[in-house]
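Worksheet: the structure to be examined is printed underneath.
No lab work stands behind these numbers, since they all come straight from the coordinates. Small disclaimer: the values here were computed from a predicted structure and weren't measured. Glycine gets a Cβ as well: all are built from the backbone with ideal geometry, and neighbour counts include every protein chain shown.
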Amino acid sequence: FLEDGTNSLSLSYTPWLNKLVNDINLAYVSYVFKIAENQGMGFALRYFSLGTINFRDEGNNNLGDFQPYEFTLNGAYALKLNEQMSLAVGLRYIYSNLTAGVTVAGAETKAGQSFAADLGYYYKSRETNLEGGMKQSVSAGINISNVGAKISYGNDADADFIPTNLRVGGGYHLKFDEY
């Protein structure tokens with residue numbers, strides 16, 4: 001959306017499953033900026049609306065309509081260690097209001113809240129020359145995300161861990177010419 005070499009702003013809006021329903025959406029805004037030549041920070045807000053849901057009890061009695069939603073506030077710091085390696089760490093606050101305080105099986109529900117952290121590492125080798133002026137390099141990355149506290153949706157409810165993800169990837173880069 002906006003990028004000038006030291007700052008970047010991004011906005012996105014996605015109608016979710018709009019062929020099935022018209023009121024579920026995902027909105028995202030992020031801002032990243034350079035602190036120094038080898039350091040950067042970023043902040044983001046993600047909002048997920050699950051549309052309007054009609055709540056009913058065990059006897060199929062109408063408990064009313066509610067618009068459940070979730071949002072996260074994120075902050076991240078990235079450090080380029082040298083020309084080949086970089087590290088990043090992120091922190092996230094999670095708010096998940098899925099039930100609007102409806103009483104389920106005699107237990108009152110509440111919005112879930114949690115905190116999580118992300119850690120990432122990236123490596124890219126130096127380019128090596130091949131025959132015919134071509135150059136090659138390899139890269140690899142690892143990310144572990146959502147390492148965090150448990151979340152609960154009620155006072156008496158057991159808390160559960162949020163899903164932690166591990167991602168590993170690699171790449172081979174081949175430059176045919178200067179373009």
About its Cα centre, how strong a charge dipole does the stretch 113-158 have in debye, to the nearest 20, once Lys and Arg get +1 and Asp and Glu get -1 at the Cβ?
260 debye
Cα-projected label distance for Gln113 with Asn54, points at 7 Å along beta-carbon direction, nm:
3.3 nm
Run a plain Debye calculation on the chain (Cα atoms as equal point scatterers, no solvent) and give log10 I(q)/I(0) at q = 0.12, 0.18, 0.19 Å⁻¹, rounded to two decimals, same order as the q list.
-0.79, -1.27, -1.33
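Please give the peptides 143-149, 48-54, 129-135 ranked by average Cβ packing (other Cβ atoms within 10 Å per residue), highest first, as a rough proxy for protection.
143-149, 48-54, 129-135
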Just how far, in whole angstrom, is the stretch 15-55 from the stretch 69-135 if you go by their alpha carbon centroids?
13 Å
Pull out the extension gain between Lys19 and Val104, defined as 0.36 nm times the separation in residues minus the alpha carbon to alpha carbon distance; nm, one decimal.
27.5 nm
Residue among His173, Tyr121, Gly148 farthest towards the positive dipole end of the stretch 119-179, charges placed on Cβ
His173
Explain nothing, just the number: dipole magnitude of the stretch 77-179 about its Cα centre with +1 on each Lys and Arg Cβ and -1 on each Asp and Glu Cβ, in debye rounded to the nearest 20.
180 debye
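Roughly how many debye, to the nearest 20, is the charge dipole of the stretch 20-156 about its Cα centre, given +1 on each Lys and Arg Cβ, -1 on each Asp and Glu Cβ, and no other charges?
In total the dipole reaches around 520 debye.
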